[in-house]
Amino acid sequence: MKLDLAQVVEMVAASEPEIVIFETSEQTEHSDPVILEQISSIAPVLLIGPNVQKDRLDLLNWPGVKAAVPGEYLISVADYLANPGVGMASQREVLGVEQMDALPFAYRDPDLFERYSARFKTTPEGPQGQFVSMWGCQYRCKFCIWIHAYWPKSSQIQKLFSLDRLEREVQGLVEAFPGVTSLYDDADNHFYRQRDDAIAYGDIMGRTGLPWAVLTRSDSYMLDGSVDRDLWRHWAENGCYAVKIGVEGGQRVADATNKRLDIENVREFVRTVQDLGIQVFASFMVNVPGMDKQSEQETLDLIQELNSYNPDLFEYFISSCDVTEVSPFRKDVETSNHDGQAQIERVIDDGKLDIMSLSQQPNNIEG
């Protein structure tokens with residue numbers, strides 16, 4: 001289902017809000033004020049989003065904007081609604097499992113929740129139920145918007161729900177939407193420090209009786225210097241059918257982006273989980289600041305290599321490196337890239353990337 005602006009305005013008006021909480025982004029700053037011109041006649045606007053920072057007072061001049069919440073906004077928005085004001089609102093970060101568990105379960109609109117779907121080629125037909133077991137990340141990749149926008153100086157860079165609270169939400173999701181045929185954990189970087197917790201997580205997911213997928217890193221779960229095969233086997237036996245990982249590129253790209261990832265680990269991971277019947281969905285990027293055509297060819301070679309082990313259980317997409325004002329890459333380039341992944345088309349057109357050398361379908365190229 002696609003909505004045009006008039007339909008969106010109509011839906012907002014029909015809800016008769018006292019205030020509209022509007023999520024913006026650096027990539028959409030050119031169009032968001034146009035949308036707000038329509039919505040602002042309905043109710044005052046509270047801005048949130050990764051580009052809403054304490055020094056971005058210019059955002060307060062957008063049509064209808066009464067206030068803005070900088071950085072991580074879950075508790076801060078609740079604080080603001082309890083005591084609304086004008087201007088840049090105060091910021092309060094969620095800290096600790098107790099505060100995470102105190103957050104309400106995610107609201108899932110019966111008419112809209114099916115639109116939130118991360119489908120892989122092995123995803124079963126039918127509605128997918130999405131949830132997050134944790135958010136945040138202990139890494140500081142130079143291209144990442146979220147970690148540098150929401151938690152640049154956080155004392156807690158990864159935030160987890162307790163396993164008990166997680167199970168209650170997931171089971172509640174399954175009961176509320178009995179037509180769901182699979183689940184997807186859209187964690188920023190799925191990682192339990194205690195192996196027993198990771199095993200218990202697999203048990204929780206197994207009790208849903210549904211196939212499930214997860215977003216993590218290839219090196220999140222290691223044992224004695226190698227991929228923890230027994231853990232991934234346990235997950236596979238409890239319904240894990242797919243895993244999404246960020247690779248970004250060859251070793252030079254990984255180093256340039258501060259990925260802190262050994263590409264040899266990626267090779268081991270792909271073989272390990274595919275041998276267990278788990279599909280791998282891997283993301284890559286081109287147009288990385290400081291990289292050249294050779295490094296991008298190394299990325300393409302790596303994609304073909306990983307695809308060759310078990311093509312039926314491998315899928316990928318390629319995007320253009322997103323350089324925004326909040327990312328550390330910003331100091332390495334003359335101007336920030338405000339059009340997100342759309343640059344991939346220009347990279348191809350300029351002959352900097354031989355996309356046709358890839359063996360998989362071109363719809364895995366983000367544009």
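The values are calculated or read from the model by the stated rules, or taken from the named source; none is laboratory data. All values reported here derive from a predicted model rather than from experimental measurement. So basically every Cβ, Gly included, is an ideal-geometry build from the backbone, and we count neighbours across all protein chains shown. These accessible areas exclude ligands, DNA and RNA; they are computed on the full protein's heavy atoms, side chains included. Shrake-Rupley method; radii C 1.70, N 1.55, O 1.52, S 1.80 Å.
Figures for the structure shown
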{"item": "Test for residue 282: is it within 17 Å of residue 139 (Cβ to Cβ) and in a strand (DSSP E or B)", "result": "yes"}
{"item": "Of all residues in the range 289-307 being modelled with pLDDT under 90 and surrounded by 20 or more Cβ atoms within 10 Å (Cβ to Cβ), the one that is nearest to residue 121 (Cα to Cα)", "result": "296"}
{"item": "Residue that is nearest to residue 75 (Cα to Cα), among those in the range 7-27 that are free of Cβ contacts under 8 Å to residues at least 24 places away in the same chain and of a type outside the set (S, T, N, Q)", "result": "16"}
{"item": "Residue pairs meeting the criteria (Cβ under 6 Å; at least 6 apart or on separate chains; first closer than 15 Å to residue 204 by Cβ, in the range 179-190; second in a loop (DSSP other than H, G, I, E, B))", "result": "183/210; 184/118; 185/133; 187/132; 187/133"}
{"item": "Tally, over the range 5-32, of residues that are surrounded by 13 or more Cβ atoms within 10 Å (Cβ to Cβ) and assigned to a loop (DSSP other than H, G, I, E, B)", "result": "5"}
{"item": "Residue 264 being within 27 Å of residue 321 (Cα to Cα), of a type in the set (Asp, Glu) and free of Cβ contacts under 8 Å to residues at least 12 places away in the same chain", "result": "yes"}
{"item": "Number of the condition not met by residue 124 [criteria: (1) closer than 27 Å to residue 91 by Cα; (2) part of a loop (DSSP other than H, G, I, E, B)]", "result": "(1)"}
{"item": "Candidate set from the range 229-274 (those that are touching a strand residue (DSSP E or B) at 6+ places or on another chain (Cβ under 6 Å) and of a type in the set (S, T, N, Q)); member that is modelled with the highest pLDDT", "result": "272"}
{"item": "Selection status of residue 2, charged (D, E, K, R), within 23 Å of the chain's Cα centre (by Cα) and in a loop (DSSP other than H, G, I, E, B)", "result": "yes"}
{"item": "Cross-chain or 6+ apart pairs with Cβ under 9 Å, the range 226-237 first and closer than 20 Å to residue 264 by Cβ, then outside any helix (DSSP H, G or I) and aliphatic (A, V, I, L, M)", "result": "228/222; 229/223; 229/276; 231/223; 232/243; 232/276; 232/278"}
{"item": "Boolean, residue 35 is of a type in the set (Val, Ile, Thr), in a strand (DSSP E or B) and surrounded by 14 or more Cβ atoms within 10 Å (Cβ to Cβ)", "result": "no"}
{"item": "Residues (open to solvent by 50 Å² or more (accessible area, probe 1.4 Å), modelled with pLDDT under 95 and in a loop (DSSP other than H, G, I, E, B)) located in the range 38-53", "result": "41"}
{"item": "Boolean, residue 203 is farther than 18 Å from residue 303 by Cα and either in contact (Cβ under 8 Å) with a residue 40 or more places away in the chain or surrounded by fewer than 17 Cβ atoms within 10 Å (Cβ to Cβ) (or both)", "result": "yes"}
{"item": "Subset of the range 206-229 (residues that are closer than 19 Å to residue 174 by Cβ and surrounded by 16 or more Cβ atoms within 10 Å (Cβ to Cβ))", "result": "206, 208, 210, 211, 212, 213, 214"}
{"item": "Residue in the range 135-148 that is open to solvent by 20 Å² or more (accessible area, probe 1.4 Å), under 30 Å from residue 54 (Cβ atoms), out of contact with any helix residue (DSSP H, G or I) (no Cβ under 9 Å at 6 or more places or on another chain) and assigned to a helix (DSSP H, G or I) present", "result": "yes"}
{"item": "Leading residue by the ranking (nearest to residue 159 (Cα to Cα)) among those in the range 188-216 that are basic (Lys, Arg) and modelled with pLDDT of 95 or more", "result": "195"}
{"item": "Failed item in (1) under 26 Å from residue 115 (Cβ atoms); (2) touching a strand residue (DSSP E or B) at 6+ places or on another chain (Cβ under 8 Å); (3) open to solvent by 20 Å² or more (accessible area, probe 1.4 Å), with residue 86 passing the rest", "result": "(1)"}
{"item": "The lone exception for residue 254 - which of (1) of a type in the set (Gly, Ala, Ser); (2) touching a residue at least 12 places away in the same chain (Cβ under 8 Å); (3) within 18 Å of residue 142 (Cα to Cα); (4) surrounded by 16 or more Cβ atoms within 10 Å (Cβ to Cβ) it fails", "result": "(2)"}
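Listed here are the residues, each with its yes/no results for (1) aliphatic (A, V, I, L, M); (2) open to solvent by 90 Å² or more (accessible area, probe 1.4 Å); (3) in a loop (DSSP other than H, G, I, E, B).
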position: 78; (1), (2), (3): yes, no, no
position: 92; (1), (2), (3): no, yes, yes
position: 108; (1), (2), (3): no, no, yes
position: 120; (1), (2), (3): no, no, yes
